[in-house]
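The values are calculated or read from the model by the stated rules, or taken from the named source; none is laboratory data. None of these values were measured; they are calculated from a predicted model. Positions of Cβ are backbone-derived with ideal geometry, glycine not excepted, and every protein chain shown enters the neighbour counts. What goes into the accessible areas is simple: the full protein's heavy atoms, side chains included, and nothing from ligands, DNA or RNA. Shrake-Rupley method; radii C 1.70, N 1.55, O 1.52, S 1.80 Å.
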Amino acid sequence: MRWWDIDPVLELEKALFPEDAWSRGMFWSELAHSRGPAATRRYVVAEDDGRIVGYAGLVASGDQGDVQTIAVARELWGSGLGARLLTELLRAATAFECTEVMLECRVDNLRAQKLYERFGFAPIGVRRGYYQPGNVDALVMRLSDPSACVQGT
């Protein structure tokens, strides 16, 4: 993801997450930490005929990675794009030398939970009222050894 991707990413973000969409400033801040030798973030976009149809981001801190976001245009749900984006994040986690990856997922987003479970993420807790507004709980999930998921891909 580059700075010129922010506007189309924001359109998709607002369509998918109308209540708790990230702001332009949040994306700019993440991208500011995604380049150069001290980079701690990796953000990617997926395009179809020049249109952004998905994006994902990861932050690395020490030996832990955190999936910050994964989003896929509704018309491509079930196409495997989410899995490809997650694979890219796990490649980045491996490059950052992360030994585990964490994420939060809405407790009511069973589709996403199944994707994460296919990759080996396991639930480890719940964060009450994490998603605001709406006061929706987050399921906290952890993957040990992300490099095992990307070997041979």
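Looking at the range 1-101, which trypsin sites (Lys or Arg not before Pro) are in a loop (DSSP not H, G, I, E or B) and have at most 16 other Cβ atoms within 10 Å?
Passing both the DSSP loop test and the Cβ count: R2, R35.
State the answer as a single residue: which of T40, T99, M1 lies farthest towards the positive end of the charge dipole of the chain, with beta carbon charges of +1 for Lys and Arg and -1 for Asp and Glu, about the Cα centre.
Positive-end residue among those listed: T99.
Please report, in debye to the nearest 20, how large the charge dipole of the chain is about its Cα centre when each Lys and Arg carries +1 at its beta carbon and each Asp and Glu carries -1 there.
In debye, rounded to 20, the chain gives about 100.
Tally up the carbon and sulfur contribution to the accessible surface of the range 47-130 as a whole percent, 1.4 Å probe, everything protein left in place.
The value for the range 47-130 is 46 percent carbon and sulfur by accessible area.
With every protein chain present, what is the per residue accessible area of the chain (1.4 Å probe, Å²)?
Per-residue accessible area for the chain comes out at 54 Å².
Let me know the charge dipole size of the range 58-97 about its Cα centre in debye, to the nearest 20, where only the beta-carbon of Lys, Arg (+1) and Asp, Glu (-1) is charged.
Rounded to the nearest 20 debye, it is 200 debye.
Can you give me the three principal axis dimensions of the chain from its C-alpha atoms, in Å, biggest first?
Cα extents, longest axis first: 37, 34, 28 Å.
Output needed for the range 82-129: three equivalent-ellipsoid semi-axes, defined as square roots of 5 times the C-alpha gyration tensor eigenvalues, in descending order, whole Å.
Equivalent ellipsoid of the range 82-129: 20, 13, 9 Å, largest first.
Can you give the calculated 222 nm mean residue ellipticity of the chain, where each DSSP H run of n ≥ 4 adds -39,500 (n - 2.57) and the sum is split over every residue, rounded to the nearest 500 deg cm²/dmol?
It lands at -9000 deg cm²/dmol.
Hey, what did the chain get for relative contact order, percent, Cα under 8 Å, at least 6 apart?
18
Lys and Arg at +1, Asp and Glu at -1: add these up for the other residues within a Cβ distance under 11 Å of Y116 and post the number.
Local net charge: +2.
For the range 42-102, just the Cα set please: Rg and Dmax, both in angstrom.
That works out to 12.0, 37 Å for Rg and Dmax.
Nearest 5 percent is fine: what portion of the DSSP beta bridges confined to the chain is antiparallel?
Percent antiparallel among DSSP bridges in the chain is about 90.
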